[in-house]
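S.K.: This is the structure, below, for whatever I ask next.
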Amino acid sequence: MESSKILVVMPLYNARAYVRKAMESILAQSYPNFILLVINDGSTDGSELEAGLFQDSRVILWHQENQGPGAIMNRAIQY
């Protein structure tokens, strides 16, 4: 029986120092059947470049102008 696919949403705003470890931790989980949707909320510190380094088919990176966490979650619902 195949396990259900889940969506993990990671808001991203000016967190370059932490984004790599956060994404590595999520991708290292024992449950393999998920999509990691990283939504860059207009970062200005290069966070999106750091997130874009991950070459994993489970990672989707979206960009938007800075609108705050509510807009990020609404955008995630669209997925």
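The values are calculated or read from the model by the stated rules, or taken from the named source; none is laboratory data. Please read these numbers as outputs of a predicted model, since none were measured by experiment. Every residue, glycine among them, receives a Cβ derived from its backbone with ideal geometry; neighbour counts consider all protein chains shown. Accessible surface areas use protein heavy atoms only, side chains included; no ligands, DNA or RNA. Shrake-Rupley method; radii C 1.70, N 1.55, O 1.52, S 1.80 Å.
S.K.: Across the chain, how large is the tail of the calculated P(r) beyond 22 Å, expressed as a percent of all Cα pairs?
M.R.: 21 percent
S.K.: On a 0 to 90 degree scale, rounded to 10, what angle separates helix 16-27 from the longest Cα axis of the chain?
M.R.: 10 degrees
S.K.: What angle, in degrees between 0 and 90 and rounded to the nearest 10, separates the Cα long axis of helix 69-78 from the longest principal axis of the Cα atoms of the chain?
M.R.: 40 degrees
S.K.: For ASN14, what charge total do you get from the other residues with a beta carbon under 13 Å from its beta carbon, if Lys and Arg give +1 and Asp and Glu give -1?
M.R.: -3
S.K.: Where does the charge balance sit around GLN64 when Lys and Arg score +1, Asp and Glu -1, over other residues with C-beta under 14 Å from its C-beta?
M.R.: Net charge in that neighbourhood comes out at -2.
S.K.: Let me ask another. Could you sort 24-30, 43-49 so that the peptide with the highest average Cβ count within 10 Å comes first and the rest follow in order?
M.R.: Taking the mean over residues of other Cβ atoms within 10 Å, the ranking is 43-49, 24-30.
S.K.: Sticking with this one: Which percent of the accessible heavy-atom area of the chain goes to carbon and sulfur, probe 1.4 angstrom?
M.R.: Roughly 54 percent of what the probe reaches on the chain is carbon or sulfur.
S.K.: Cβ under 12 Å from SER43's Cβ, SER43 left aside: what net charge do those residues give with Lys, Arg +1 and Asp, Glu -1?
M.R.: Here the charged neighbours net out to -4.
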